[in-house]
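The structure is given below, and queries will be raised subsequently.
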Amino acid sequence: MSFFWLVLLVVVAVIIIYVVVHRLLINRATLILKKRAQSVTNEAVNDCLGQLSGQTFNLSSEIVADVWGKGVLAFEFHFDPAKYHLTKKQLSKNILEQKLIEYAKKNKISAYKENSTIFKVTDWWTYENILHIDVAYVLNEATREYIADLQRLDQHK
């Protein structure tokens, strides 16, 4: 009878170790993907804003909350447009998104699926004269679904 319990204990221990190691590897891979995507998105947004203003941008983004799910590659940028002498005529959601698409083509940045959007400006608002811009880098299914969810929310407004 004690041999049975020993075998059962070993099996349970092996399962627990497997689950813990698997989870660590998946989380690490997700973190690496997020960091890489954030770096690419930072470069793209800074370059595009620089083209629009004629000035050098060195903005660093923050990852949009994981409320939307693990693996969503959406990043928030914020800055004072007046500091860079940017007007609403020079900078809008559509203008920035078009510049990001051009940047992606020029730099051969690939998306989740061929012929799909690479960068998508998902949110745009001003609070206390600070412009907040959310940009999604569509590199995986989770981000594509996030954008689809936001579009459905916008339709119900």
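The values are calculated or read from the model by the stated rules, or taken from the named source; none is laboratory data. Bear in mind the structure is a predicted one, so any value in this text is a computation, not a measurement. Backbone-built Cβ (ideal geometry, glycine too); neighbour counts: all protein chains shown. Just the protein is used for accessible areas: all its heavy atoms, side chains included, with ligands, DNA and RNA removed. Shrake-Rupley method; radii C 1.70, N 1.55, O 1.52, S 1.80 Å.
Residue 123 to residue 19: FRET efficiency via 1/(1 + (r/R0)^6), r the Cβ-Cβ distance, R0 35 Å, to the nearest 0.05? Intermediate results must be reported in sequence, preceding the final value.
Values: r = 36 Å, r/R0 = 1.03.
Computed FRET efficiency for residue 123 and residue 19: 0.45.
Just tell me which aspartates and glutamates come within less than 16 Å, Cα to Cα, of residue 106; anything on the same chain fewer than 8 places away is out.
43, 47, 97, 114
Residues with amide H under 5 Å of residue 75's amide H, sequence separation 5 or more or different chain, H placed in the peptide plane at 1.01 Å from N; which?
Those lying under 5 Å, H to H, from residue 75 are 64, 135, 136, 137.
Can you give the angle from 0 to 90° between the axis of helix 2-53 and the longest principal axis of the chain, with both taken from C-alpha atoms, to the nearest 10?
The answer is roughly 10 degrees.
Sticking with this structure for a sec: Once you have the Kirkwood Rh of segment 89-157 from its Cα pairs, apply Stokes-Einstein at 25 °C and 0.890 mPa s and quote D in µm²/s. Let's see the in-between values first.
On the way: Rh = 13.1 Å.
The diffusion coefficient I find is 188 µm²/s.
Using only the alpha carbons of the chain, determine the length spanned along each of the three principal axes and report them from longest to shortest in whole angstroms.
80, 36, 34
A further question on this structure: What value, in deg cm²/dmol to 500, does the helix sum -39500 (n - 2.57) over DSSP H runs of n ≥ 4 give at 222 nm once divided by the residues of the chain?
Numbers: 3 runs with 81 residues, N = 157.
Result for the chain: -18500 deg cm²/dmol, rounded to the nearest 500.
Scan the chain and hand back the longest stretch that contains none of the GluC sites (Glu not before Pro) lying in DSSP loops with at most 11 other Cβ atoms within 10 Å. Please report the intermediate quantities before stating the final value.
Working: sites that count: 114, 128.
Longest stretch, sites excluded: 1-113.
Still on this structure: Please list, ordered by chain and number, the residues whose modelled amide H lies under 5 Å from the amide H of residue 123; skip anything fewer than 5 residues away on the same chain.
Correct list: 134.
In whole percent, and with a 1.4 Å probe on the protein chains, what portion of the accessible area of the chain is carbon and sulfur?
Values: 6190 of 10560 Å².
Carbon and sulfur: 59 percent of the exposed surface of the chain.
Moving on. Averaged per residue, what accessible area in Å² does the chain show with a 1.4 Å probe, protein chains only? Could you put the intermediate results ahead of the total?
Working: 10560 Å² over 157 residues.
With the other protein chains kept in place, the chain gives 67 Å² per residue.
A further question follows. Output the 0 to 90 degree angle, nearest 10, between the alpha-carbon long axis of helix 93-106 and the longest principal axis computed from the alpha carbons of the chain.
Tilt of helix 93-106: around 70 degrees.
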